[in-house]
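Just so it is clear, none of the values below were taken in a lab; they were calculated from the coordinates. What you are looking at is a predicted structure, and each value in this text was computed from that prediction instead of being measured. Using ideal geometry, Cβ is built from the backbone for each residue, glycine included, and neighbour counts are taken over all protein chains shown.
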Ligand code: ADP
Ligand code: LRH
């Protein structure tokens, strides 16, 4: 198992990175080769992703890694969920893929939901209905542009699309498709019922493959252009959240998966919060959880590497802070992530105006002047309007922590299990205050790390596909390679005053 070098490309909604993974002596080391910004681009009133630019940035990172480290064994891309590109019969991308925050779904949601109500979507697919889901987007595309039925031949989710561009092989990787609202709840096949009721063309969906499938090789022209030599293209756990969760180094004491769900009494479980642009709060179970209660509380089921299930809620996460910072940057007063975090830490909480926001309020879901929206939310809900930048940031962080705590309580009620501790992963855990507030609000220990969870999960899944490790070993490799930071809940704090 000595000396494997490979590339994990992790594309988040706010930034992308090309990471070199080196595996030796049972441990992985990760080096950031190239990082680049990502975000919505408006074209003629609609929001898209700039895939050309993303491809260019990825190529730059691949070439840099090959130049520095010589032959690499493989490459895999993971991305945010739900978005896709459509290919024509020549295999050409028809247009730049839409961004899930585009608003074209609003006009068609009621039509779709008349044909297939949210409760039925949940029972059939395990997915909570949401306007951002692939199924809503595709339905909107076909309604808005019926000609697509004639021209679109294949629907490739974002990681599938990049794997196709790199290898020429089109496949539908299960974890990313499990966010689509188009598969059966077990995520192994398309839901014929959903396709039939919404009159969606089944032929658009390529063959489904499990996470950890070698698709082919980097196209020879790209090998030459980028100076890589032969390089395997692997469909890993290509949904970034699936990769992030694959990297969680659960303690053996805090059973992470639901393999124990048949036991009575149920054993404690470790929950996770994947903290980036979104906050994904959930726990792993053996089977999809399709109860009325899970539906009513807004949970969704997605598929994990190795075929287990993730019961989780999508909470509008640090997007609130990202958009707030963007507004300040536009006003000529930028703040780095670190400066923003420090402002909130140094605030005198006893004299501050803190408002509690519902992060998932639709008001916050689209790009815009976030400080102004927070102000109108506070007026609407009769709360003091945070005045200073420190108060605004602190309000966002406390609101996130409280919404995590509410979600953890719901998870306990729905699964009948006690959450023993919470693993937080992703870029957002660099905000130490957010981790501490989460421990305080939940009353549970928070185990934070790794920060680059998606990239590390991406790497260990590739190692299994290459046969360098066995799947059950993946988390042990991560545990050996990273040291998490622990946060204990405060005995007494303002979330639960004595
Ligand atoms: P995504 O994958 O969705 O693009 P990331 O996992 O990269 O998101 O997390 C991005 C978030 O991490 C940012 O919105 C920011 O709030 C937070 N963050 C990044 N760097 C820092 C830092 N140095 N200190 C505090 N927070 C940070
Ligand atoms: C997080 C994420 C999340 C959702 C959203 C669209 O990056 O993948 O799990 O699917 O993006």
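Sort out which residues of region 301-348 are away from ligand 2 (no atom under 16 Å from the Cβ), part of a loop (DSSP other than H, G, I, E, B) and under 17 Å from residue 371 (Cβ atoms), and write them in order of number.
Residues satisfying the conditions are 331, 332, 333, 334, 335, 347.
What strands (runs of 3 or more DSSP E), lying completely within region 6-48, carry at least 1 residues that are under 18 Å from residue 461 (Cβ atoms)? Quick ask: steps written out before the conclusion?
Values: elements: 15-24, 27-37, 41-43, 46-48.
It comes to 15-24, 27-37.
Give the residues of region 14-27 that are crowded, with 23+ Cβ neighbours inside 10 Å and either over 22 Å from residue 230 (Cα atoms) or over 22 Å from the mean Cα position of the chain (by Cα) (or both), sorted by residue number.
23 - this is the single residue of region 14-27 that is crowded, with 23+ Cβ neighbours inside 10 Å and either over 22 Å from residue 230 (Cα atoms) or over 22 Å from the mean Cα position of the chain (by Cα) (or both).
Based on what the data block shows, is residue 102 assigned to a loop (DSSP other than H, G, I, E, B), in contact with a helix residue (DSSP H, G or I) (Cβ under 9 Å, 6 or more places away or on another chain) and either surrounded by fewer than 15 Cβ atoms within 10 Å (Cβ to Cβ) or at positive phi (or both)? Give the derivation first.
On the way: assigned to a loop (DSSP other than H, G, I, E, B): yes; in contact with a helix residue (DSSP H, G or I) (Cβ under 9 Å, 6 or more places away or on another chain): yes; either surrounded by fewer than 15 Cβ atoms within 10 Å (Cβ to Cβ) or at positive phi (or both): no.
For residue 102, the condition - assigned to a loop (DSSP other than H, G, I, E, B), in contact with a helix residue (DSSP H, G or I) (Cβ under 9 Å, 6 or more places away or on another chain) and either surrounded by fewer than 15 Cβ atoms within 10 Å (Cβ to Cβ) or at positive phi (or both) - is not met.
Mind listing whichever residues of region 23-51 are touching a strand residue (DSSP E or B) at 6+ places or on another chain (Cβ under 7 Å), more than 15 Å from ligand 1 (Cβ to nearest atom) and without any contact (Cβ under 8 Å) to a residue 40 or more places away in the chain?
Residues satisfying the conditions are 31, 33.
Can you pull out every residue in region 451-462 that is closer than 10 Å to residue 429 by Cβ and buried (at least 23 other Cβ atoms within 10 Å of the Cβ)? Break it down into steps so the answer makes sense when it comes.
Step one: of region 451-462, the residues closer than 10 Å to residue 429 by Cβ are 451, 453.
Answer for region 451-462, where residues must be closer than 10 Å to residue 429 by Cβ and buried (at least 23 other Cβ atoms within 10 Å of the Cβ): just 453.
Which numbered condition trips up residue 392, out of (1) on the phi < 0 side of the Ramachandran plot; (2) within 16 Å of ligand 1 (Cβ to nearest atom); (3) in contact with a strand residue (DSSP E or B) (Cβ under 7 Å, 6 or more places away or on another chain)?
(3)
Quick one: in region 172-190, which of the residues that are surrounded by 22 or more Cβ atoms within 10 Å (Cβ to Cβ) and part of a loop (DSSP other than H, G, I, E, B) is nearest to the chain's Cα centre (by Cα)? Give the derivation first.
Restricting attention to region 172-190, the residues satisfying the condition of being surrounded by 22 or more Cβ atoms within 10 Å (Cβ to Cβ) are 172-183, 187.
Those left that are additionally part of a loop (DSSP other than H, G, I, E, B): 178-182, 187.
Working: 178: 12, 179: 10, 180: 13, 181: 15, 182: 18, 187: 17 Å.
For region 172-190, the residue satisfying everything is 179.
Hey, can you tell me all the residues within region 223-240 that are part of a helix (DSSP H, G or I) and either crowded, with 20+ Cβ neighbours inside 10 Å or within 16 Å of ligand 2 (Cβ to nearest atom) (or both)?
Within region 223-240, the first condition is being part of a helix (DSSP H, G or I), and the residues that meet it are 223-226, 240.
Within region 223-240, 226, 240 meet the criteria.
Condition first: under 14 Å from residue 134 (Cα atoms) and in a loop (DSSP other than H, G, I, E, B). Now tell me which residues in region 200-215 satisfy that. Please lay out each step first, then the result.
Within region 200-215, the first condition is being under 14 Å from residue 134 (Cα atoms), and the residues that meet it are 200-202, 204-205.
Listed by number, the residues that qualify are 200, 201, 205.
Matching residues to (1) farther than 18 Å from residue 164 by Cβ; (2) away from ligand 2 (no atom under 16 Å from the Cβ):
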| position | (1), (2) |
| --- | --- |
| 11 | no, no |
| 69 | yes, yes |
| 91 | no, yes |
| 109 | yes, yes |
| 119 | yes, yes |
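So which residues in region 66-98 are crowded, with 21+ Cβ neighbours inside 10 Å, part of a loop (DSSP other than H, G, I, E, B) and free of Cβ contacts under 8 Å to residues at least 60 places away in the same chain, if there are any at all?
Matches in region 66-98: none.
Return yes or no: is residue 446 free of Cβ contacts under 8 Å to residues at least 40 places away in the same chain and either under 21 Å from residue 35 (Cβ atoms) or outside any helix (DSSP H, G or I) (or both)?
Values: free of Cβ contacts under 8 Å to residues at least 40 places away in the same chain: no; either under 21 Å from residue 35 (Cβ atoms) or outside any helix (DSSP H, G or I) (or both): yes.
Considered against the rule, which asks whether it is free of Cβ contacts under 8 Å to residues at least 40 places away in the same chain and either under 21 Å from residue 35 (Cβ atoms) or outside any helix (DSSP H, G or I) (or both), residue 446 comes out as no.
What do you reckon, is residue 63 more than 16 Å from ligand 1 (Cβ to nearest atom), in contact with a helix residue (DSSP H, G or I) (Cβ under 7 Å, 6 or more places away or on another chain) and not in a loop (DSSP other than H, G, I, E, B)?
The answer is yes for residue 63.
Within the set of pairs 6 or more residues apart or between chains, which connect a residue that is touching a residue at least 40 places away in the same chain (Cβ under 8 Å) inside region 132-152 to a residue that is within 16 Å of ligand 1 (Cβ to nearest atom) and assigned to a helix (DSSP H, G or I) with Cβ atoms less than 9 Å apart?
none
Which condition breaks for residue 98 when tested against (1) closer than 20 Å to residue 239 by Cβ; (2) touching a strand residue (DSSP E or B) at 6+ places or on another chain (Cβ under 6 Å); (3) away from ligand 2 (no atom under 16 Å from the Cβ)?
Answer for residue 98: the failing condition is (3).
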